[in-house]
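For reference, the structure discussed in these notes is given below.
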Amino acid sequence: IERLNREIRRRTRVVGTFPDGRSALTLVTARLKYVAESEWGSRRYPGVTLPEG
């Protein structure tokens with residue numbers, strides 16, 4: 001989670017200012033979607049089970 005927070009913080013600093021909250025949310029959502037679909041998002045930890053659904 002900390003790594004993800006740093007990545008989002010870095011990307012928002014690169015952009016600078018956003019015209020509205022929706023554009024900032026779009027940037028964060030796109031990054032979260034990328035992480036969830038990548039190998040980084042599929043990393044599993046021993047002893048941790050995810051609920052079915």
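The values are calculated or read from the model by the stated rules, or taken from the named source; none is laboratory data. A quick note: this is a predicted structure, and the numbers were derived from the prediction, not measured. Using ideal geometry, Cβ is built from the backbone for each residue, glycine included, and neighbour counts are taken over all protein chains shown.
Taken together, the residues in the stretch 1-38 that are surrounded by fewer than 13 Cβ atoms within 10 Å (Cβ to Cβ) and in contact with a Ser or Thr (Cβ under 9 Å, 6 or more places away or on another chain) amount to 2.
Scanning the chain for residues that are assigned to a helix (DSSP H, G or I) and either modelled with pLDDT under 80 or of a type in the set (Ser, Thr, Tyr) (or both) yields a total of 8.
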